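Here's the structure, in structure tokens; my notes come after.
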Amino acid sequence: MPIVEPENRTVKALRGVHLYHSPFSNCSQRVRLVLEEKGIPWQSHAIDLTAFEHLTPAYQGIHPKGVVPALVHDGTLVTESHDIIQYLDDHFDGPRLTPGSPEEAARIRPWMEMGAALQDSIKTLTFERIFRDRYPPTREKYEFYAAHQRNPDLVDFYRRYLEGFDPAELAAHEARIRDFLARADAALATSDYLAGDTVSLADFSAVVNVHRAGVLGIDLHEYPHVARWYQRMAARPSFERAILAYVPR
């Protein structure tokens with residue numbers, strides 16, 4: 001569990017649940033889903049990534065990687081979306097999203113690991129297919145980003161975004177997303193939810209990536225079991241409050 005000691009000491013004084021997040025970030029959406037599903041009161045700290053608010057010293061003193069989301073609970077800082085949702089399920093009342101038996105719980109972890117591993121593909125295609133037209137990169141933006149972002153991997157990513165991603169790399173990223181969808185489709189052929197017959201963290205981990213795959217132009221009907229499951233997940237009140245309220249269809 002990546003509980004972080006923040007450089008920005010002001011967060012140590014925060015009481016209750018505070019989420020630093022961005023509306024369109026799929027990782028932020030994952031955390032908001034679990035907060036809403038469990039009925040946890042929380043305070044919003046929206047970070048405008050397009051205005052580079054995540055590059056300020058104040059925010060990088062909260063999240064050392066300069067990304068969203070970050071959660072503060074009574075002064076305890078937790079980063080990384082999958083660790084945050086597990087923390088929320090472990091520390092708060094509300095519907096239990098991790099099954100009680102070790103055998104059932106063990107079925108959730110692989111889906112969370114796959115979701116985390118898919119993030120680079122989701123991010124790259126999002127920048128290429130959505131952000132390139134809406135927020136085109138420029139040399140001036142890159143230079144500002146490179147001067148203020150501590151994370152060298154993210155600086156390199158923005159450089160490649162500016163220069164143009166390799167088409168072969170983009171094709172490989174789409175193939176990884178499609179492989180994830182195929183794996184989910186196979187699992188959902190025999191159960192209502194990814195880890196069994198009840199909704200769990202596995203489903204909230206995955207649904208934001210499936211939602212993003214549709215936004216990126218991948219036809220979910222090519223994966224009929226995923227499409228039916230997605231309709232059920234999208235019909236939950238938490239989906240409206242955590243995703244559509246921030247980024248309407």
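The values are calculated or read from the model by the stated rules, or taken from the named source; none is laboratory data. All values derive from a computational prediction rather than experimental measurement. No Cβ is skipped: glycine too gets one built from the backbone with ideal geometry, and neighbour counts run over all protein chains shown.
How many residues does region 136-148 hold that are within 27 Å of Asn209 (Cβ to Cβ) and surrounded by fewer than 13 Cβ atoms within 10 Å (Cβ to Cβ)?
Residues flagged as within 27 Å of Asn209 (Cβ to Cβ) and surrounded by fewer than 13 Cβ atoms within 10 Å (Cβ to Cβ) within region 136-148 amount to 1.
Table: residues versus (1) in the same structural domain as Val31 (by TED's automatic domain parsing); (2) at positive phi; (3) crowded, with 16+ Cβ neighbours inside 10 Å; (4) at pLDDT 95 or above.
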residue	(1), (2), (3), (4)
Asp48	yes, no, no, yes
His54	yes, no, yes, yes
His73	yes, no, yes, yes
Leu77	yes, no, yes, yes
Gln86	yes, no, yes, yes
Leu97	no, no, yes, yes
Arg107	no, no, yes, no
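Can you name every residue in region 98-122 that is of a type in the set (Gly, Ala, Ser) and farther than 17 Å from Tyr193 by Cα?
Ala116, Ala117, Ser121
Being buried (at least 21 other Cβ atoms within 10 Å of the Cβ) and hydrophobic (A, V, I, L, M, F, W, C) is the filter here, so list the residues in region 200-232 that pass it.
Leu201, Ala202, Phe204, Ala206, Val207, Val208, Val210, Ala213, Val226, Trp229
Can you confirm whether Arg150 is modelled with pLDDT under 95 and closer than 23 Å to Pro57 by Cβ?
Yes, satisfied.
How many residues are assigned to a helix (DSSP H, G or I) and either of a type in the set (Val, Ile, Thr) or touching a strand residue (DSSP E or B) at 6+ places or on another chain (Cβ under 8 Å) (or both) if we restrict to region 178-212?
Residues flagged as assigned to a helix (DSSP H, G or I) and either of a type in the set (Val, Ile, Thr) or touching a strand residue (DSSP E or B) at 6+ places or on another chain (Cβ under 8 Å) (or both) within region 178-212 amount to 5.
Restricting the search to region 235-249, which residues are among the hydrophobic types (A, V, I, L, M, F, W, C) and either part of a loop (DSSP other than H, G, I, E, B) or more than 16 Å from the chain's Cα centre (by Cα) (or both)?
Once the filter is applied, which keeps residues that are among the hydrophobic types (A, V, I, L, M, F, W, C) and either part of a loop (DSSP other than H, G, I, E, B) or more than 16 Å from the chain's Cα centre (by Cα) (or both), region 235-249 yields Ala235, Ala245, Val247.
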